[in-house]
Amino acid sequence: MNDLIKNQGDSLSETQQNLVKDLELLQIAVASQNSLLKSDEIGLLILNGINRHLNIQSSVVFLIEEDQEPTLRARVITDGPNWSAQVTTSMQPGLVDNCFKTGQPVISNDIPSEPLFNPAIDALDNSSPRAIICYPLIANSQKLGVVELISKVPIKLRPFEENILNFFSQTLANAIYYNDLIQQLKIANADLEANRWELLRSRNTLRALFDGLPSSIYIINRQYQLVAINISRANRVRESPSMLVGNNCYTVLFNRNEPCPGCLIHETLLHGTNTNRTLREWISPDRPVDWDIATYPIKNELNNPFQVIIIEQDVTEKRRLEANLAQSEKLAAVGQLAAGVAHEINNPLSAIIANAQLLTRDNSLDVDQLDSVKLIEQAGMRASQVVRELLGFARKDQLSFEPTDLNETIHAALSILQHEILNRSVKINLDLADDLPFLNGNKDYLQGVWINLVLNAIDAINNNEGSITITSSFINNEYRVTVADSGVGIPPERITRIFEPFYTTKDPGRGTGLGLSMIHRTIKQHGGYITVDSQVGKGTIFTVFLPHDFRQSRNPSEPDT
């Protein structure tokens, strides 16, 4: 009886011990579910617990790597709580290989007689094991590797222990699988972040280019809504691009309730073709701006246009230069014509001048008659000079300079214009400085400058009573001649163009637009410059600045600027 009780006590003690071990394994199972642990930490926690519970000599975790060819990365636990070694080897036949290929646990308690045992792969701890247990590591139907338990004594597993080892292998496999996913996600996130910054830099570069272009550029969709617009175009309507995007282009850009007349956007959206047209916009009653408007389709993956890029370029200056080129061609033709008829014009002028000079020697003429004859002579000589100036303007001839009395050229010009001045009832005020030093210039061309300036002043007064004031002075080794009138003045938007060839504001038949252009060229040939100050309704002041002693050194073939 006592022996029976003693045996029952021993049996109860073993059960209690198993319960304690099972409780320890359950605690490890619960701890392994901590989401904050990494796969390495979970592996150490589980394998150290198993080693203690089953008196395991070594634990090895084999992970398959398939970069180029399948290899095994093995991490070994022998003594102590940490990994003691890491080995990379090739896959070889053995117990580990059998467990990996079948995906089923492999248990062998008689290794010396086990035909599948391969010490090169199954005994990485360099021991002579008696028992080996292998469990596959499978997660999400993907074989990741094998966990191997090595013991010097046979391992007898109870059903609970088999279940808990299955649970541990599954937990470790999931930890490894999700750890790999997290690492891949981190790499992907890093790549995405790098791509995002690259896209941001590209976007900023494109935006800077988009906004930096002087041309007006905007993009619209099929509903004529603005998708994007650059600063240049937005500034024309005095709004920021962000306030315009999303609105209809014809509403916010052109203040209309429907698409603009002549708009070719619909054609681009319908046929997917580029278009081009011109538009003249009037900023003021006499100041147009010419726009060249081009449209380009943006196509989707089906090659259908779904948006349109519109580029508007200010071609006003280009049109003006084209017009000037055309006028220059006309001027060249005028030069050729003038060269052809100059001989025919100069012959009768020479006869008029010669006969006038003969008449001045006739003592029978009274003073008034003599003055009239001298005026005929001066007018003839002036007409001959005009022909020479026209030829010189067309050929850009180089002038010949000599010491010249500046005030004398002004008086000579007024003498020729005396009849015009009297007929217009214009009062001439002279304020010419005395004892001016001689100017190194061309007398005839300077005389033509004053004639043109005075004629322009007379036209500005426009048959009304008015006055023209002419002054001359010599200050800081520089001559200054001003011609001021009390006429209608020049609008500010026209002042910048008055020196262009063939530009005139006079009525047809009253001007060619060459006068101020010839004045400007003559003054530049003398090394000087001219300024203009005008107020509408109050009058205009032209001021000519000439150097005291200008020596020509410019090549006659160089163009004027």
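The values are calculated or read from the model by the stated rules, or taken from the named source; none is laboratory data. Because the structure is a prediction, the values reported are computed rather than measured. Note that each Cβ is placed from the backbone with ideal geometry, even for glycine, and that neighbours are counted across all protein chains shown. Please note that ligands, DNA and RNA were not included when accessible areas were found on the heavy atoms of the full protein model with its side chains. Shrake-Rupley method; radii C 1.70, N 1.55, O 1.52, S 1.80 Å.
Just a few scattered comments:
- Ellipsoid semi-axes for region 153-302, based on the Cα gyration tensor and the rule √(5λ), read 64, 17, 13 Å when sorted largest first.
- For region 207-291, Kirkwood radius (reciprocal of mean inverse C-alpha pair distance, Å): 14.0
- Length gained when the stretch Arg238-Glu402 is fully extended (0.36 nm per residue, less Cα-Cα span): 53.3 nm
- Once backbone amide H atoms are built at 1.01 Å from N, Val289 has Glu281, Trp282, Ile283 as its partners under 5 Å, excluding neighbours fewer than 5 places away on the same chain.
- If you sort Trp83, Trp197 by accessible surface, 1.4 Å probe, largest first, the order is Trp197, Trp83.
- Area accessible to solvent at Asp314, 1.4 Å probe radius, in Å²: 90
- Each residue, Ala31 and Gln418, gets one label point 7 Å from its Cα in the Cβ direction; the gap between the two is 12.8 nm.
- Computed from phi, the 3J(HN,Hα) profile of region 361-368 under the Karplus parametrisation 6.51, -1.76, 1.60 (θ = phi - 60°) reads 8, 6, 6, 7, 7, 7, 5, 5 Hz, with x in place of Gly and Pro.
- Taking one quarter of the surface of the C-alpha convex hull of region 120-162 gives a mean projected area of 4.0 nm².
- Solvent exposure of Cys263, expressed as accessible area, is near 40 Å², computed with a probe of 1.4 Å over the protein chains only.
- Backbone phi angles across region 187-194, fed through the Karplus curve with coefficients 6.51, -1.76 and 1.60 (θ = phi - 60°), yield HN-Hα couplings of 5, 5, 5, 5, 5, 4, 5, 5 Hz in residue order; Gly and Pro are listed as x.
- Relative compactness, region 264-306, computed as alpha-carbon Rg over 2.2 N^0.38 Å: 1.59
- Ordered by solvent-accessible area of protein heavy atoms (1.4 Å probe), largest first, the residues Asp180, Asp485 come out as Asp180, Asp485.
- Computed FRET value (nearest 0.05) for Lys152 with Ala188, which takes r as the C-beta separation and R₀ as 35 Å: 0.15
- Candidates per GluC sites (Glu not before Pro) in region 160-264, loop by DSSP, up to 15 other Cβ within 10 Å: Glu239
- Accessible surface ranking for Met381, Met243, 1.4 angstrom probe, highest first: Met243, Met381.
- In region 402-484, the GluC sites (Glu not before Pro) that fall in loop regions by DSSP, at most 13 other Cβ within 10 Å: Glu465
- Expressed in units of 2.2 N^0.38 Å, where N is the residue count, the Cα radius of gyration of region 76-165 is 1.07.
- Rotationally averaged projected area of region 241-336 (alpha carbon convex hull; nm²): 9.5
- Full extension of the chain segment joining Thr88 with Arg319 gains 75.3 nm, where the gain is 0.36 nm per residue of separation less the Cα-Cα distance.
- Reference-scaled alpha-carbon Rg (2.2 N^0.38 Å with N residues) for region 186-245: 1.46
- Built amide H within the under 5 Å cut-off of Thr404, gap 5+: Leu439, Asn440, Gly441
- DSSP-assigned coil residues among trypsin sites (Lys or Arg not before Pro) in region 235-292, each with at most 10 further Cβ atoms within 10 Å: Arg238
- Taking all protein chains as shown and a probe of 1.4 angstrom, Tyr135 keeps an accessible surface of around 10 Å².
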